[in-house]
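Worksheet: one structure, shown below.
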Amino acid sequence: MRGKQAPKRDIYPDPKFNNTQITKFINYIMTHGKKSIAQKVVYSSFEIISKKTKQDPLDVFDKALKNVGPSLEVRGRRIGGANYQIPYPVRQERKFTISCRWIITAAKKRKGKSMAEKLAMEIMDAATEQGEAYKKKIDTHRMAEANRAFAHFARY
C-alpha cells in the first residue's frame with residue numbers, strides 16, 4: 001500500500017431520527033448526488049414500515065441489519081497454483097456495509113410500485129428472517145462452512 005490511508009470522515013446524524021446508521025444507509029441509496037431524493041425514499045419506507053408493523057421503524061431497521069449481516073465470508077486466495085475459498089470473520093463495520101448493500105440490491109430486484117415500498121418490504125422481510133437479503137446471508141454462511149477445511153490458510 002502506497003502513501004497514507006485516507007482518514008475516516010465524520011458522518012453527521014440524519015435530521016429526522018438523529019442516527020448515523022440511517023445517514024450511511026441514505027448515502028448508499030443515493031445516486032448522482034441527489035441526497036434529498038434518497039432521504040425521501042428512506043423516510044417514506046420507514047413510514048410504510050410503521051404503518052404496517054405498528055412498531056418503531058428504527059427497531060425494525062436495526063433488527064433487519066442484525067439478521068442480514070454475515071459473521072463469516074469467503075475470500076479467494078491463490079496458494080500453490082490452486083485457488084481456495086478461505087472463510088474469514090467479518091468486521092463489524094464491513095458487516096453493516098454488506099447488509100445495507102444486500103438489502104438495497106434485493107429491494108431493487110423486487111417487483112413493486114415505488115422504491116420506498118420495495119425497500120420497506122425488504123426491510124420487514126429481513127427483520128423476520130425472510131427475503132432475498134437474508135437468503136444471501138444463509139448462502140454465504142453455507143459457503144464458509146463448506147470451505148472450513150481451508151481455514152488454516154487464513155492469515156489474521
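Every read-out reported here was derived from the displayed coordinates using simple, explicitly stated rules and does not represent laboratory data. All of these numbers come straight from a predicted model, not from anything done at the bench. FYI the Cβ positions are ideal-geometry reconstructions off the backbone, even for glycines, and counts take in every protein chain you see.
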Have a look at 110, 78, 101 and tell me which one the Gaussian network model of the chain (Cα, springs below 10 Å) gives the largest fluctuation. 78
Could you please report the charge total around residue 8, scoring K, R as +1 and D, E as -1 over all other residues with beta-carbon less than 15 angstrom from its beta-carbon? +3
Under 5 Å, built H, 5+ apart or other chain: amide partners of residue 73: 88, 90
About the Cα centre of the chain, how large is the charge dipole given +1 on each Lys and Arg Cβ and -1 on each Asp and Glu Cβ? Please answer in debye to the nearest 20. 620
Taking neighbour Cβ counts within 10 Å as the exposure measure, how do 12, 134, 84 sort from fewest upward? 12, 84, 134
As a check on your grasp of the helix formula, calculate [θ] at 222 nm for the chain: sum -39500 (n - 2.57) over DSSP H runs of n ≥ 4, divide by the residue count, round to the nearest 500. -18500 deg cm²/dmol
Convert each backbone phi in segment 8-14 into a coupling constant with the Karplus relation 6.51 cos²θ - 1.76 cosθ + 1.60 (shift: θ = phi - 60°), then list the ³J(HN,Hα) values in order as whole Hz, x for Gly and Pro. 6, 7, 6, 10, 7, x, 5
Going by how many other Cβ atoms sit within 10 Å of their own, how do 53, 23, 128 line up, fewest first? 128, 53, 23
Would you mind estimating how fast segment 67-156 diffuses translationally, via Stokes-Einstein at 25 °C and 0.890 mPa s with the Kirkwood radius over Cα pairs, in µm²/s? 173
Provide, in order from the shortest bin, the percent of all Cα-Cα pairs of the chain in each 5 Å bin, continuing until the bin that contains the maximum pair distance. 2, 9, 16, 18, 17, 13, 11, 8, 5, 2, 0, 0
